[in-house]
Amino acid sequence: MPRGLLALAIGAFGIGTTEFVVMGMLPQIADGLGVSVSAVGMLISAYAIGVVIGAPTLTAFGVRFSPRQTLVGLMVVFVVGNALSALAPTYETLVAARVLTALAHGSFFGVGAVAARRLVSPDRATQAISLMMVGLTLANVIGVPVGTFVAQQTSWRLVLGGIAVIGLVTIGCLLAWLPKHAGEPGDLRAELRAFRRGEVWLVLGLTMVGFAALFSVYSYVSPILTELGGIPEAWVTPVLALFGVGMTLGTLLGGRYGDRYGFSFVAVGLLGTAVVLAAFAFLARTPVAAVALLVLFGVIAFSLGPVVQNGVIEAARVRGGSLVSAANQGAFNVANALGAALGALVLSAGFDYTAPMWVGVVLAVLGAGIAVFARSVGRRAAVPVTAAQPTPEVVGSTA
């Protein structure tokens with residue numbers, strides 16, 4: 001693969017690790033700063049706020065620069081944020097540092113997806129995006145478990161400092177491997193005009209509804225496994241690692257088949273998600289079946305991400321498309337909040353832990369309907385991708 005994609009994947013690995021590792025370090029951070037675990041849990045919300053703010057603002061600011069310049073600048077913000085987090089003397093400074101770190105998250109994936117497409121031929125655009133996103137899924141398989149272990153054995157500050165080093169490595173790789181001509185400075189007005197297209201909002205709605213199905217269940221996966229499946233707490237981490245393997249496999253499969261089938265693949269995938277979640281609701285009390293269905297759920301759900309990310313860029317039909325690409329990352333975080341909130345709503349109403357699964361079934365079916373509609377709209381308004389942007393060369397040396 002082009003080395004530029006490897007540089008993007010390394011950056012995605014660092015971002016994914018810093019986002020999720022805090023969940024495994026809550027007790028250690030609470031002890032270190034002398035605050036409650038629930039207070040430290042607010043760091044997760046603070047990070048999400050930073051993503052939502054940073055995705056559109058930093059991307060809009062970076063439109064005037066080339067993708068490589070923007071990505072390097074975002075990694076500088078990422079490194080500074082993690083370094084300040086590692087050195088934070090108080091809880092308040094840690095919250096501020098985490099928000100700063102998160103500002104780079106959505107914009108990096110938004111601009112990175114556009115740059116990844118430019119490194120390959122148009123018929124491999126989704127595959128290129130999936131290879132970048134594999135870094136994010138591997139963070140759940142490798143980065144988060146290793147970071148949690150290091151925090152338990154040494155210090156959470158060492159973990160965040162190590163993530164800052166990953167950011168420095170990413171900067172070096174971007175400068176060395178991402179070609180200067182993998183995209184060019186864009187026009188902010190043209191990028192904003194893309195939001196006049198109904199097709200763009202249709203894909204953003206698909207992200208918010210379809211992926212809310214994922215988070216309605218994933219947000220409560222630990223109690224689902226222990227309360228329903230009867231799986232010991234000590235086994236939850238290995239099971240989640242298996243789920244991460246499923247995520248990685250799904251991301252690669254999405255890249256392989258997404259270019260060929262587009263939103264048809266998304267519609268079928270969401271219907272498959274609904275079927276798996278319905279089976280999960282019935283078989284969650286059988287440990288082996290519960291684990292197998294959870295991993296299959298991860299494979300199917302995460303196969304859709306690269307396809308939708310590429311789809312929103314194509315729907316924009318403008319040169320570049322960084323801003324709509326970043327907006328889709330914001331929509332993904334809205335899906336996170338929406339899914340978790342709907343899951344909490346049914347649980348607070350007194351239903352058991354199968355209820356979030358049925359919420360996921362409904363959301364997945366609705367998302368499949370949106371995907372079918374987006375497919376038909378896209379065909380009616382069909383404009384070749386090469387008419388919206390120059391045919392990209394396969395640039396950069398291969399590794």
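The values are calculated or read from the model by the stated rules, or taken from the named source; none is laboratory data. Just so it is clear, the structure is predicted and the values come from calculations on it, not from any experiment. As a convention, Cβ positions derive from the backbone with ideal geometry for all residues, glycine included, and neighbour counts pool all protein chains shown.
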Across segment 270-319, what is the number of residues that are out of contact with any helix residue (DSSP H, G or I) (no Cβ under 6 Å at 6 or more places or on another chain), under 16 Å from R197 (Cα atoms) and small (G, A, S)? 0
Among the residues of segment 81-89, is any farther than 18 Å from G147 by Cα, modelled with pLDDT of 85 or more and surrounded by fewer than 19 Cβ atoms within 10 Å (Cβ to Cβ)? yes
Out of V120, V134, V52, V114, which single residue is more than 15 Å from V22 (Cβ to Cβ), of a type in the set (V, I, T) and outside any helix (DSSP H, G or I)? V120
So which of R68, R98 ends up being under 19 Å from G321 (Cβ atoms), in the same structural domain as S155 (by TED's automatic domain parsing) and charged (D, E, K, R)? R68
Name the residues in segment 192-220 that are of a type outside the set (G, A, S), closer than 24 Å to A278 by Cα and either in contact with a helix residue (DSSP H, G or I) (Cβ under 6 Å, 6 or more places away or on another chain) or surrounded by fewer than 21 Cβ atoms within 10 Å (Cβ to Cβ) (or both), would you? L206, T207, M208, V209, F211, L214, F215, V217, Y220
Suppose we filter L33, L43, L8, L26 for residues that are surrounded by fewer than 23 Cβ atoms within 10 Å (Cβ to Cβ), at pLDDT 90 or above and in the same structural domain as L119 (by TED's automatic domain parsing); which single one remains? L33
Inside segment 147-165, can you point out the residues that are part of a helix (DSSP H, G or I), surrounded by fewer than 23 Cβ atoms within 10 Å (Cβ to Cβ) and of a type outside the set (G, A, S)? T148, F149, V150, Q152, Q153, R157, L158, V165
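Table: residues versus (1) crowded, with 24+ Cβ neighbours inside 10 Å; (2) assigned to a helix (DSSP H, G or I); (3) touching a Gly at 6+ places or on another chain (Cβ under 7 Å); (4) in contact (Cβ under 8 Å) with a residue 40 or more places away in the chain.
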{"site": "A278", "(1), (2), (3), (4)": "no, yes, no, yes"}
{"site": "A281", "(1), (2), (3), (4)": "no, yes, no, yes"}
{"site": "R285", "(1), (2), (3), (4)": "no, no, yes, yes"}
{"site": "A289", "(1), (2), (3), (4)": "no, yes, no, no"}
{"site": "A292", "(1), (2), (3), (4)": "no, yes, no, no"}
{"site": "G298", "(1), (2), (3), (4)": "yes, yes, yes, yes"}
{"site": "F302", "(1), (2), (3), (4)": "yes, yes, yes, yes"}
{"site": "V307", "(1), (2), (3), (4)": "yes, yes, yes, yes"}
{"site": "N310", "(1), (2), (3), (4)": "yes, yes, yes, yes"}
Just to be sure I understand the filter: pairs with C-beta atoms under 9 Å, separated by 6 or more residues or on different chains, first member in segment 91-108 and under 15 Å from A39 (Cβ atoms) and at pLDDT 95 or above, second member crowded, with 22+ Cβ neighbours inside 10 Å and of a type in the set (D, E). Which pairs pass? none
Just one of the numbered conditions (1) surrounded by fewer than 24 Cβ atoms within 10 Å (Cβ to Cβ); (2) modelled with pLDDT under 95; (3) under 30 Å from R256 (Cα atoms) is not true of V72; which one? (2)
For V114, which of the numbered conditions (1) buried (at least 24 other Cβ atoms within 10 Å of the Cβ); (2) among the β-branched types (V, I, T); (3) free of Cβ contacts under 8 Å to residues at least 60 places away in the same chain fails to hold? (3)
Does any residue of segment 2-11 turn out to be in contact with a strand residue (DSSP E or B) (Cβ under 8 Å, 6 or more places away or on another chain) and in contact (Cβ under 8 Å) with a residue 60 or more places away in the chain? yes
Segment 117-146 - residue that is over 17 Å from L253 (Cα atoms) and in contact with a strand residue (DSSP E or B) (Cβ under 9 Å, 6 or more places away or on another chain) and, of those, surrounded by the most Cβ atoms within 10 Å (Cβ to Cβ): L119
